[in-house]
Every structure is written in structure tokens, then in C-alpha cells.
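A.B. asks: Right, I'll just put the structure down here and ask away after.
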Amino acid sequence: MAYSPQSRLVCHSDDRDRRLALRCAFASPEEWKRPAFHGSTEAPRSISRGRGGTAALVAWDPVRQRQVWRRPVPTNVSGGVMATAGNLVFQGSIDNSFNAFDARTGKVLWSFDTKAPTIAPPISYSAKGRQYVTVLTGSGGSLVLKGDVFGKYAIGYREQARRVLTFVLYGKQTLPDASPYRFEPVPDPGYLARPEAEARGLGIYAQTCIMCHGRDGDGSGGNAPDLRASPMILDSQAFATVVREGVLRRQGMPRFDDLTETMVEDIRAYLRMLAHKAASESRER
């Protein structure tokens with residue numbers, strides 16, 4: 001949120017999606033350890049896809065305790081907010097826009113196509129007498145848990161542009177067009193359905209992988225690759241070196257050395273099922 005001394009309003013993101021609850025634990029980097037897997041390998045009855053919910057940029061009068069204006073934003077994902085002394089409120093959006101609003105009325109005064117989701121809170125500063133506004137583009141984190149709420153705003157892990165954008169009055173720079181995400185399922189001619197293993201794999205996946213790769217393995221929040229298109233899921237040994245041995249730790253993929261070989265194979269069975277299903281749906285379209 002941000003407070004505007006000029007309008008005397010508090011501007012904040014209002015996320016009405018109440019079905020997602022996360023608990024955070026704080027510890028120093030030296031103290032933190034990833035909890036060992038201790039859950040059930042049975043498939044959960046359901047995993048929410050994050051449907052529903054809305055969000056908006058809201059201006060609140062803290063003295064009169066009332067809402068002054070409200071501007072809905074796409075989906076239930078709302079960006080960070082900044083207010084400036086020029087009676088402006090800045091906020092980015094999942095729809096690849098960075099916007100400046102009138103702090104008193106909420107009217108859109110300016111918008112820029114960032115060619116990527118812009119969720120981070122912007123900052124403002126002065127250098128040599130000129131004011132600048134800077135913001136990061138790209139999305140990640142637990143947005144993937146919201147899954148298919150993105151719809152047409154699907155975000156590719158490798159395709160999305162992660163940039164630092166800086167704005168100044170009368171700036172004239174433009175950005176290249178964004179690379180669209182195109183799902184290409186990995187060919188798996190040897191796939192055979194294994195319902196029991198796939199069900200167990202879903203249970204393990206839901207407790208170890210879903211935070212980054214999403215319910216359907218598609219990484220739609222932009223935080224991790226689409227596993228349905230990964231050749232790693234076709235080879236048992238290659239998959240194990242990633243999951244159990246941590247060969248991709250430097251790329252951000254943690255090591256799950258507490259999982260047994262059977263558990264890792266069950267996860268792989270679940271992912272192969274997802275890839276096979278997605279490939280079938282792609283051919284039908």
C-alpha cells in the first residue's frame with residue numbers, strides 16, 4: 001500500500017480471493033532447513049485451481065473510514081502501489097501494463113505496455129534534478145497457485161521478460177514485443193496409464209512440487225518450467241538426478257533427497273499423465 005499526503009488517502013490492493021491461505025515461518029538463512037516429506041502419498045480429493053476472486057486498487061480515507069474510489073484490476077492478482085507528491089498513484093498489472101492514476105479520483109492518466117506482467121511495487125527517486133520511477137517486470141512466487149485464473153494472461157517461465165524499467169518525463173524508449181508462450185507437449189509414445197501410481201504421484205506432487213509448478217504442472221504463474229513439456233519426465237534416471245540429486249539446484253530447483261525412488265517414480269507417472277492429457281487436448285484443438 002501507499003499513503004498520499006496530498007490526497008490524504010491510503011491506496012492499497014484489495015484481494016478478495018480468500019480461499020488461498022499460506023503460513024510463513026521466519027528463520028535466518030543459516031537456521032532454515034526444508035522440512036522433510038512427512039505427508040500422505042494418497043491423492044488429495046481436490047486441489048483448488050484458484051478460480052474466482054477479484055482484486056482492485058482502492059483509495060481509503062483513514063480519517064472518515066470510508067472508500068473514496070475503487071478501480072478493478074484483471075484477475076485476482078494485484079500489483080504493488082506507490083504514491084508520489086505529484087498526486088499520482090502508480091501500479092502495475094498482470095495484463096502487461098504499468099499505470100498512473102489520479103490520486104484523488106482514480107482516473108487513469110497514463111499507461112505503458114511493459115510487455116510482461118508487472119506485479120512488483122515501484123519506487124521513485126531523484127537524480128540530478130530529475131525524478132525517475134523504476135519497477136521490475138515478470139512474475140513468480142506463489143502466483144502459480146492461482147493457476148487458471150490467468151486465462152489469456154498465461155505466463156511462460158522462459159518466455160516472460162524480466163526487466164528493470166525506469167521512467168522519466170519525456171522518455172521515448174520502447175520495448176520489443178513480448179514472446180508468446182506456446183505449449184509444445186513432449187512426445188511420449190511409450191506412455192501407458194498407471195492409475196494407482198499416478199494417484200500416489202499426485203499426493204506427493206501436491207506436497208512438494210505444486211508451489212512452483214502448479215496444480216497441472218504447467219508453471220502458469222511464471223515461477224518454474226512447464227513440466228508437461230519437459231523431456232526429463234520421459235527418463236527415470238534423468239528425472240531422479242533432478243528431483244533426488246539436485247542437479248539443477250543452481251537454477252533454483254531444490255533437491256528432495258528424502259523422497260524414495262518409488263515416490264519419485266510416482267511423481268513422474270503423474271507428470272507423464274498430465275503431458276499425455278495435454279497433448280491429446282492440443283491435438284483435438
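The values are calculated or read from the model by the stated rules, or taken from the named source; none is laboratory data. Keep in mind that this is a model prediction, so the values were computed, not measured. Cβ coordinates were reconstructed from backbone atoms using ideal geometry, including for glycine residues, and neighbour counts include every protein chain displayed. For the accessible areas, the whole protein counts, side chains as well, though only heavy atoms, and no ligand, DNA or RNA atoms are used. Shrake-Rupley method; radii C 1.70, N 1.55, O 1.52, S 1.80 Å.
A.B. asks: Go through region 101-143 and give me each residue that's of a type in the set (Val, Ile, Thr), assigned to a strand (DSSP E or B) and closer than 21 Å to Asp61 by Cα.
C.D. replies: Answer for region 101-143, where residues must be of a type in the set (Val, Ile, Thr), assigned to a strand (DSSP E or B) and closer than 21 Å to Asp61 by Cα: just Val108.
A.B. asks: Please go through region 91-129 and give me each residue that is open to solvent by 20 Å² or more (accessible area, probe 1.4 Å) and either under 14 Å from Ser7 (Cβ atoms) or small (Gly, Ala, Ser) (or both), ordered by number.
C.D. replies: Listed by number, the residues that qualify are Asp102, Arg104, Thr105, Lys107, Leu109, Ser111, Ala120, Ser124, Ser126, Ala127, Gly129.
A.B. asks: Are any residues in region 252-285 without any contact (Cβ under 8 Å) to a residue 60 or more places away in the chain and more than 18 Å from Pro189 (Cα to Cα), and if so, which ones?
C.D. replies: Gly252, Met253, Arg255, Asp257, Thr260, Glu261, Thr262, Val264, Arg285, listed by residue number.
A.B. asks: Can you list residue pairs whose Cβ atoms sit under 8 Å apart, with the first residue in region 220-237 being open to solvent by less than 20 Å² (accessible area, probe 1.4 Å) and the second being modelled with pLDDT of 95 or more and of a type outside the set (Phe, Trp, Tyr)? Count only pairs 6 or more apart in sequence or on different chains.
C.D. replies: Filtered contacts from region 220-237: Ile233/Arg268; Ile233/Leu271; Ile233/Arg272.
A.B. asks: So which residues in region 251-278 are of a type outside the set (A, V, I, L, M, F, W, C), open to solvent by less than 30 Å² (accessible area, probe 1.4 Å) and in contact with an Asp or Glu (Cβ under 8 Å, 6 or more places away or on another chain)?
C.D. replies: Residues satisfying the conditions are Asp266, Tyr270.
A.B. asks: Report, ordered by the first and then the second residue, all pairs with beta carbons closer than 6 Å, sequence separation of six or more or different chains, a first member in region 127-150 that is at pLDDT 60 or above and of a type in the set (Lys, Arg), and a second member that is open to solvent by 20 Å² or more (accessible area, probe 1.4 Å) and in a loop (DSSP other than H, G, I, E, B).
C.D. replies: The qualifying pairs are Arg130/Val168.
A.B. asks: Test Leu248 against the criterion of being within 23 Å of the chain's Cα centre (by Cα) and open to solvent by 20 Å² or more (accessible area, probe 1.4 Å), and give yes or no.
C.D. replies: For Leu248, the condition - within 23 Å of the chain's Cα centre (by Cα) and open to solvent by 20 Å² or more (accessible area, probe 1.4 Å) - is met.
A.B. asks: Which one of these is modelled with pLDDT under 90, more than 30 Å from Lys115 (Cβ to Cβ) and open to solvent by less than 80 Å² (accessible area, probe 1.4 Å): Ala178, Ala206? Can you show your working first?
C.D. replies: Values: Ala178 fails: more than 30 Å from Lys115 (Cβ to Cβ).
Ala206 is the lone residue from the list that is modelled with pLDDT under 90, more than 30 Å from Lys115 (Cβ to Cβ) and open to solvent by less than 80 Å² (accessible area, probe 1.4 Å).
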